[in-house]
Amino acid sequence: MRLFGGDMATNSVDWPIFVISLPVATERRAILGNKLAAAGLAFQFIDAVDGRNGLAPEWEARIDRPGAHERYGYPMSDGEFACSLSHQLAYVRVLEQGLPGAVILEDDAILTPAFAQFYRQGHYRKADFIQLFCFAARIWRGPGRRSVGVTRLHGLAENAFSTVAYSISARGAAYLHQAGQPVRSRSDWPAELSRIGGLLAVPSVVLHPPPTMAQSYLADSRAGLVPDGFDYSARYVKGWRRLITPASWASFVRKKLSREIAPGFPLPDD
């Protein structure tokens, strides 16, 4: 069931661009900041929560470690919690400042020429959530909605990984903020985005460097948390029970009505 959605074209106020970045990531800030400035796009930095050496007490109070373990079957790292908390800061800024929405970037985002067009033409107003990059996704079949250039906006049939770039309305921010109280999930995502009519830009208008080119701040903090031989499918219903559970039937129908795409890590043309 969709909670809300629809085109927000009647709201003519430009949504701000927020860049989530650790204060120490000066090189990343300079690279992305220069790209945005060269495109004539104003932006604001949001200082990310730093979880590389543990979480400060003020952040510990906002997370649910047992709940995260129950959700995934293994612990979340401090870095993963910090990333989720950082995106929650963006949602809070939207809500506390009474903004209609925001375009949110992480500091390792690679902007394509289509991003500036997407922003200037206000395509972010077309939905409460639009994901501008993903590693892989399942989208509803059909032509999607026209956006900039060859890009079309397709409905997300299920959540797609990556929080490197997305637009979110105030309603979407309230939805994800509420779902993240306390934080017990990774930043991608605390709740089902299809319930708010989430869309995905295909092809992506923002890219992400392959891990070998730009090591994630989260990589080291994840090491050793997942047990060797961990069965990621253990929590799913198997055998004949798949035929009788409502969740399994919903999954079956969703797969028939949707298709998979896997953009991976395409490199920019320039």
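What follows is calculated from the coordinates using simple rules that are stated; it is not laboratory data. Everything quoted here is computed from the prediction, not taken from an experiment. When we count neighbours, we look across all protein chains shown, and the Cβ atoms used for this are built from the backbone with ideal geometry, even at glycine.
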Which of Pro75, Ala42, Val24 sits farthest toward the positive end of the charge dipole of region 1-121, with +1 on the Cβ of Lys and Arg and -1 on the Cβ of Asp and Glu?
-> Ala42
Report the extension gain between Phe135 and Val92 in nm, rounded to one decimal, defined as 0.36 nm multiplied by the number of residues separating them, less their alpha carbon distance.
-> 12.8 nm
Difference of contour (0.36 nm per residue) and Cα-Cα distance, Gln121 to Glu260 = 47.2 nm
Which one of Ala109, Gly142, Gln97 has its Cα pushed farthest toward the positive end of the charge dipole of region 95-145, where Lys and Arg give +1 and Asp and Glu give -1 at the Cβ?
-> Gly142
Rounded to 0.05, the calculated FRET efficiency for the beta carbons of Arg29 and Arg146 at R₀ = 35 Å is 0.55
Ser258 neighbourhood, Cβ < 10 Å, K/R = +1, D/E = -1, net charge +4
Label-point separation (nm) for Gln44 and Glu60, each offset 7 Å from Cα along Cα-to-Cβ?
-> 3.1
Qualifying chymotrypsin sites (Phe, Trp or Tyr not before Pro) in region 72-150, DSSP loop, other Cβ atoms within 10 Å at most 16 = Phe135
